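Student: For reference, the structure I am asking about is given below.
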Amino acid sequence: MTPVTLISSKPAPQPEDGPPVLFDRRLLARRRDRAASEFTAYDFLHARAADDLLDRVESVSRDFETCLVLGGGGAVGRALKDRPLARRKINHLIETDLSPRMAGLSDQTAVCLDEEQLPIAPESVDLVLACLNLHWTNDLVGALIQINHALKPDGFFAGAILGGATLTELRQCLKSVDEADPAPRRVSPFADTVDMAGLLSRSGFALPVSDVDRVKARYGNSFVLMRDLRAMGETNALVERPRTPATKSFFVKTAQTYSERFAEADGKVPATFEIIHFAGWAPHPDQPKPKRPGSAKVRLADALGVKEHTSGDSVG
């Protein structure tokens, strides 16, 4: 285990005039600290996201001197051991986490920092990878802007977050069981797929793209699912979460509802995880630019080999 450099040992306080505070980041850091002892036995989502992020690195026809990894509990460094091509493309890897113990799972250079107050010098890194951590930020656009500033011109950024369809089965069951204390307060909100390319553009990235990876995990019951979520450090950290612990009967009823609605032929229940991948580049003058509207030299109808119709024509 690599010694951890403490750049920011506590999440920064949220400014009063900032965006709404959805997540208790201090609670999140404590839960990730607790999860670190067993994390590598339950990191299948992070390992999958790390592999996909490295696919994107390998697809870029250039090498990177310094790569900063945000989140993942060391998953990117572990994945690199079986990815010689990606390993050759990255000279120096720095893995970070909000939790000191989670950062310490890295066998690379390990740093504890707060993604909401990124302590990285402007234009100082060539590559940033965010591995299933930015869905916990209170100001996602603000975090993306800071990542953009940390990248050298024409630096590359690729990230993965949990998307809106994540845990849809659990949400439905919680809402059904406890109408007085709705499920959105028990399960964190997630970003929609269509948002991410637009958010990257708003944050100053060039050539933004996004896509989705949907994963179906299967469990014996919802109790096992909730155990895995705790071991991943992915349990509810909403500021407006219920302060009174739910009763045992609440969870038993949730498990029964989950089984009744979603159990498959062998009795196991599915859990959907939606991983949104996105990527973009720090601006550089030599990057391709979109064409000005009306500047095309060839009509679309000619390129497609079809007859062009005006807006008043009836097309059969």
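Student: Near LEU129, within a Cβ-to-Cβ distance under 11 Å, what is the net charge of the other residues, with Lys and Arg +1 and Asp and Glu -1?
Tutor: Overall, the nearby charge balance is -1.
Student: Count charges around ASP24 for me, please; just the other residues with Cβ under 11 Å from its Cβ, Lys/Arg as +1, Asp/Glu as -1.
Tutor: +4
Student: Can I ask one more? What dipole magnitude, in Debye to the nearest 20, does segment 41-149 give about its Cα centre under +1 on Lys/Arg Cβ and -1 on Asp/Glu Cβ?
Tutor: It works out to roughly 380 debye.
Student: Using the Cα atoms of segment 46-183, I'd like the radius of gyration and the largest Cα-Cα distance, Dmax, both in angstrom.
Tutor: That works out to 16.5, 55 Å for Rg and Dmax.
Student: Would you please put 88-98, 261-271, 114-124 in order of how densely packed they are, using the mean number of other Cβ atoms within 10 angstrom per residue and starting with the highest?
Tutor: Put in order of decreasing packing, that is 88-98, 114-124, 261-271.
Student: Next up: Order the peptides 102-112, 211-221 from the highest to the lowest mean number of other Cβ atoms within 10 Å of their residues.
Tutor: Ranking, from highest mean packing down: 102-112, 211-221.
None of the figures in this text is laboratory data; all of them are computed from the coordinates on show. A quick note: this is a predicted structure, and the numbers were derived from the prediction, not measured. Every residue, glycine as well, gets a Cβ built from its backbone with ideal geometry; the counts of neighbours run over all protein chains shown.
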